[in-house]
Structure formats: structure tokens, C-alpha cells
Amino acid sequence: MKVLFAAGGSAGHVDPALATADALNELSPGVTIAFMGTKEGIESRLVPSENYPLMTIEKLPFPRQISFSALLWPFRALANLRRARRIVREFDVVVGFGGYVSAFGMFAAFLQHVPRIVHEANALPGMANRLSARLGAVAAVSYPRAKQIMRGAHLMALPLRKNLQTTPMDRSAAKEFFGAPADLPTVLVIGGSLGARKLNTIVSHLVSQGRELPYAIIHSLGHGAELPQPSARYRPLSYIDRMDVALAAADLVISRAGAGAVAQISRFEVPAIFIPLWHGNGEQGANAAPAVALGAAILLNEGEDLEDRLLMEMSRLMGDTTELSKMRSAYVGLPESLRSSLGATEMATQIIAQAR
């Protein structure tokens, strides 16, 4: 069995694909696995580091405004599609997780009559996955709301990497891993693999004021961001490979609301402040909605007063252990597909069934 994963652009697309690939290797040891992505995306680092081959197409997101480049897009897209068709015809199954790389992979597989599977992690499905499902791909979704949109889709948890499936590390050991003070509560700030400029700016203002914070901060700024000076209570990092340890260390997490981040935070039941990035079809706000409705998380929208509102909520929550405990307990009310650690195995099982 030869399986191609079409995933790229961000860790939110690549990590679930890698998690599924690892599970597939365990269930079917003789399987041949490869990835299709780009030379520029995070997949160019993550995929080879896991010893999977990566075949590349051009980085070609769909244009969202009129420009000379947008006028050339159809011609470049046709060339990209030809390259994708040459890749996918060597495989028995093509698996996509959304985004433009997945879109080219799924459409090429459709044209080559190769079986296809897509997983939609967001509450509001993206255009690529909706189109793939309409073209006959087997579809899986994590959110009941997404299942109402992509009718016929299977309800399935987002595949998580192996270290995110296990029992969380002891909190004191997790804090020691990052060099955070054991006697202080810890705030984890994450903006995704590409970073979040607004969050980075707010945290920078906070730690540069010169006053001693009553909590420690572990801060993932994103690849390419200039790292500020660390201190005893502030640990800036470009990217957190061991997110399982970071979440185990956290008393509170501040994050965008990408599907991967929400799934990981929910799995570890960490009280959260979500600040959705309102782009695309508004899926990040929809992703955070179930946890917010249960009281496990707080949602703050961006605006001129975001910094003041965020710092106020941080101070309030970090001084109220009872409230934080209630927020942790509230995660139990989420649907199983939003907090399960079995998504990778379930997705791998579906791949094997399609190959047969």
C-alpha cells in the first residue's frame, strides 16, 4: 500500500498528517508513505525531520484580490496541477487536511481516479475540503457543526502527535523542562507555527515594563520572529516542538483559535483565552465557540482595547485558582470528537479501508 499525504502551509495542516502517518505505520508496517508539499512551507522542515520523503509543488495560495499575479494564477495553477498529477498517480490513496496543497492533491487524485480521504478540522469547513467531498472523497470532520455542512462526513477527532496522546507530564516537571519557576503559576502564549504579531506585541509590552510579574510566561513567537531577551520569568521561543510539555506546564493558555491549537488545548483541559484571527470564513471564532460556551475558555475579539482587556483577564484569572479549576473541569462537556486522542488511529484505519 502506497499512501500520499497532501499537507502544507502551516503546522495546523502538517501535524495531523504526520500523526496519521505515524499511526498508519503502526497499523500497517509495510506501508509506503510520502508527503506532497512545498519547499517554502513548514512541511519542508517537519516532514524530513520525521524521515518521510517530501515531493514538492509550487507554493500557490488562491489569490484574494485583483493583481497582475492574480491574472497569472490560472496558468501557474495548471502547471501545478500537472505536477501534482504526476505525483499522485504513483499512490493507492491520497489524504488531505485542507489548504492549497491539499486542494491540488485532491483534485489531481480525482482526475487520476485515485481514492481520496480528507479531514476537516475546523468548525466551518474550508473551500478545498468542501470541494473534495463533492468530488467523491471520503470526508471526516471534528465538529458536529461541520458535519451539518459536509453531509455524509464521519465525525472523527483531529489526529494528534504521539506525545499529545499520552498522559500529561507532571506540572512541576513540565515547568522545569522550560526553566519556568516551580513556585509560580505559568501562562503559555502561542500564536501558531507562523506566530501572531498582535499577541507578540502585547506580551513584549508586558515584559518590557520592568516590573516583576506574579507569574511566569512561556511564549512561542513563531518562526522568523526576533526573540526578545529571556529572563527568569519569561521564556521566549520561536517554536515549541514539545507542545505536550508546554500545555502540561500551563495554568492558563492564550492562543489564536486554529483547529489544531483548540484540539490540543482541549485534550489537555487547560483554561484558555482565545483571540481568534478573523480571516477566511471566520472559522477560528467558530472553533473556540464550544469551549467558550461551556465556560472552559474566554473569547476576546481584536480591537483597539485588546491589550487592556487581555491583561485584565490574565490578572483576574491568575489570581483565582477556583475559577481556573472550574474552567479545567468544564472541558468534560465537549463532544468526544473535540477532545479525544484517538483521531490518528481512526484516520489510519479509514485509510487502510480505502486502500482495500
**Report entry** Scan of segment 162-183 for residues that are surrounded by 21 or more Cβ atoms within 10 Å (Cβ to Cβ) and closer than 28 Å to ALA289 by Cα, ordered by number
**Finding:** LEU164
Query raised in the report: Considering only segment 186-213, how many residues are crowded, with 20+ Cβ neighbours inside 10 Å and touching a Phe, Trp or Tyr at 6+ places or on another chain (Cβ under 8 Å)?
Result: 3
Query raised in the report: Which of the following residues is part of a strand (DSSP E or B) and crowded, with 21+ Cβ neighbours inside 10 Å: MET55, MET36?
Result: MET36
Report summary line: Here the residues within segment 215-230 that are at pLDDT below 90, surrounded by fewer than 19 Cβ atoms within 10 Å (Cβ to Cβ) and either at negative phi or of a type in the set (A, V, I, L, M) (or both) are HIS223, GLU226, LEU227, PRO228, GLN229, PRO230
**Report entry** Lone unmet requirement of (1) modelled with pLDDT under 90; (2) on the phi < 0 side of the Ramachandran plot for GLY195
**Finding:** (2)
Requested in this report: Can you tell me which residue among MET312, MET243 is over 30 Å from MET1 (Cα atoms) and over 16 Å from the mean Cα position of the chain (by Cα)?
Outcome: MET312
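Could you pull out the residue among SER208, SER255 that is within 22 Å of ARG339 (Cβ to Cβ), in the same structural domain as LEU324 (by TED's automatic domain parsing) and among the hydroxyl-bearing types (Ser, Thr, Tyr)?
Numbers: SER208 fails: within 22 Å of ARG339 (Cβ to Cβ).
Going through SER208, SER255 in turn, just one is within 22 Å of ARG339 (Cβ to Cβ), in the same structural domain as LEU324 (by TED's automatic domain parsing) and among the hydroxyl-bearing types (Ser, Thr, Tyr): SER255.
Consider segment 330-348. How many of its residues are part of a helix (DSSP H, G or I) and surrounded by 13 or more Cβ atoms within 10 Å (Cβ to Cβ)? Even if it seems obvious, please write down each step before you answer.
Here is the first cut: in segment 330-348, the residues part of a helix (DSSP H, G or I) are 330-333, 336-338, 343-348.
Still in the list and also surrounded by 13 or more Cβ atoms within 10 Å (Cβ to Cβ): 330-331, 333, 337-338, 343-348.
Counting residues in segment 330-348 that are part of a helix (DSSP H, G or I) and surrounded by 13 or more Cβ atoms within 10 Å (Cβ to Cβ) gives 11.
Name the one entry in LEU155, LEU124 that is surrounded by fewer than 23 Cβ atoms within 10 Å (Cβ to Cβ), at pLDDT 90 or above and more than 24 Å from ILE42 (Cβ to Cβ). Can you show your working first?
Values: LEU124 fails: more than 24 Å from ILE42 (Cβ to Cβ).
Of the residues listed, the single one that is surrounded by fewer than 23 Cβ atoms within 10 Å (Cβ to Cβ), at pLDDT 90 or above and more than 24 Å from ILE42 (Cβ to Cβ) is LEU155.
Would a scan of segment 311-321 turn up a residue that is in the same structural domain as SER204 (by TED's automatic domain parsing) and among the polar types (S, T, N, Q)? Full working, then the answer.
Just the residues of segment 311-321 that are in the same structural domain as SER204 (by TED's automatic domain parsing), to begin with: 311-321.
Checking which are among the polar types (S, T, N, Q) leaves us with 315, 321.
Scanning segment 311-321 turns up at least one residue that is in the same structural domain as SER204 (by TED's automatic domain parsing) and among the polar types (S, T, N, Q).
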Query - Conditions (1) outside any loop (DSSP other than H, G, I, E, B); (2) touching a residue at least 24 places away in the same chain (Cβ under 8 Å); number of the one not met by PRO74 - result: (2)
Report summary line: If you go through VAL93, VAL47, VAL141, VAL101, the only one that is buried (at least 22 other Cβ atoms within 10 Å of the Cβ), more than 25 Å from GLN264 (Cβ to Cβ) and assigned by TED's automatic domain parsing to the domain that holds PRO16 is VAL93
Query raised in the report: Of the residues that make up segment 291-303, is at least one within 23 Å of THR201 (Cβ to Cβ), in contact with a Lys or Arg (Cβ under 9 Å, 6 or more places away or on another chain) and in contact (Cβ under 8 Å) with a residue 40 or more places away in the chain?
Result: yes
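The values are calculated or read from the model by the stated rules, or taken from the named source; none is laboratory data. What you see is a predicted model; the values in this text were computed from it and never measured. We place every Cβ from the backbone using ideal geometry, glycine too, and count neighbours over all the protein chains shown.
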